[in-house]
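Nothing in this text is a laboratory measurement; each read-out follows from the coordinates by a stated rule. Treat the numbers as computed from the prediction; the structure is a model and nothing was measured. Cβ coordinates were reconstructed from backbone atoms using ideal geometry, including for glycine residues, and neighbour counts include every protein chain displayed.
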Amino acid sequence: MPEPAALALIDGQPAALPLDDRGLAYGDGLFETVLLFRGRPVWWDAHLERLARGAAALGIAAPDRRVWQDDLAALLAGPAPLAERQVLKLILTRGSSGRGYAPDRSAAARRIVQLLPAPADRPDWRRDGIVLRWCALRLAEQPRLAGLKHLNRLEQVLARAEWDDPAIAEGLLCRQDGQPVSATAANLFVVAGRRLLTPPVDRCGVAGVCRRFLLAQPEASECELDRQAVLQADELFLCNSLRGILPVARLGERVFSRGPFTRALMARLAAAEPAFAFECAG
Ligand SMILES: Cc1ncc(COP(=O)(O)O)c(C=O)c1O
């Protein structure tokens, strides 16, 4: 059966994207990828807060929550059957302008919302852990953009293009100084004894919504980590808002077990958010 076409609305209307949109021309905008669980946006507040933070940092007027909520309701009222898990993608661009970088200050921001199928479930990843590699690409540092989920994702695109082996689920990215920051589409956590550590994202990287949940755990803190610290970790996992926690089974030659700390955190996440209460979470 052909895959059903994704539903999309632009400014509330089914429409094509104007070719002078600055998101398309310059990556001048932001996005959020939200898990919809039985039609409910998971971590909705955190996603909208990050979007609002990004919009403030870029000087784009963000629509308020009600506007996004209405878009979501309109998409869910559409013809597509409600699946248990779906993805809601929000894009906010600076809107249209003439050629050149100078923004048209009178232009209205443009919002795009899309309802997409969820990525294929991988219970084996949760059970056995994933295989990671080190990416050769180094992340550039730009404190004004660090932490935001802006539309410029060429670094992640190039890093993800470094491998085709389907057995490798993700790649770790380092800063110019060699310090690990995150995976291409997930944040990184290290378990060291009773401590749960994640690299800061104040120079580059994305302040993930799932990372935010985990940083609220009593054992968790931000900490600069070098490659050695990652390789010597007791346990390692990645996280993002679509898949939750993904234990790491191997990074290069180093093999990790899906240890008790990661299992406990997966159980805590499942208890806090039913979307992550997978049957084989424990
Ligand atoms: C570069 C990058 N870092 C981190 C994350 C994790 O963010 P979140 O937990 O908000 O999904 C993502 C998600 O796609 C990402 O693309």
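Taken over the stretch 51-90, residues that are charged (D, E, K, R) and under 17 Å from VAL209 (Cβ atoms) amount to 4. Screening ALA271 with (1) within 14 Å of the ligand (Cβ to nearest atom); (2) without any contact (Cβ under 8 Å) to a residue 40 or more places away in the chain; (3) more than 25 Å from ASN152 (Cα to Cα); (4) of a type in the set (Gly, Ala, Ser) gives one miss only, at (1). Among the listed residues ARG227, ARG243, ARG160, which satisfies the condition of being more than 12 Å from the ligand (Cβ to nearest atom) and basic (Lys, Arg)? One residue alone meets the criteria, ARG227.
Of the residues in the stretch 267-278, not one is touching a strand residue (DSSP E or B) at 6+ places or on another chain (Cβ under 6 Å), under 25 Å from ALA46 (Cα atoms) and assigned to a loop (DSSP other than H, G, I, E, B).
Can we say LEU214 is near the ligand (Cβ under 10 Å from one of its atoms) and in contact with a Phe, Trp or Tyr (Cβ under 7 Å, 6 or more places away or on another chain)? When the stated conditions are applied, LEU214 passes them. Inside the stretch 157-211, residues that are over 12 Å from ARG133 (Cβ atoms), of a type in the set (A, V, I, L, M) and free of Cβ contacts under 8 Å to residues at least 60 places away in the same chain make up a count of 11.
Looking only at the stretch 167-190, count every residue that is more than 15 Å from the ligand (Cβ to nearest atom) and either over 15 Å from VAL248 (Cα atoms) or crowded, with 21+ Cβ neighbours inside 10 Å (or both) and tell me the total.
Residues meeting the conditions: 5.
For the condition without any contact (Cβ under 8 Å) to a residue 40 or more places away in the chain, away from the ligand (no atom under 16 Å from the Cβ) and not aromatic (Phe, Trp, Tyr), PRO103 does not qualify.
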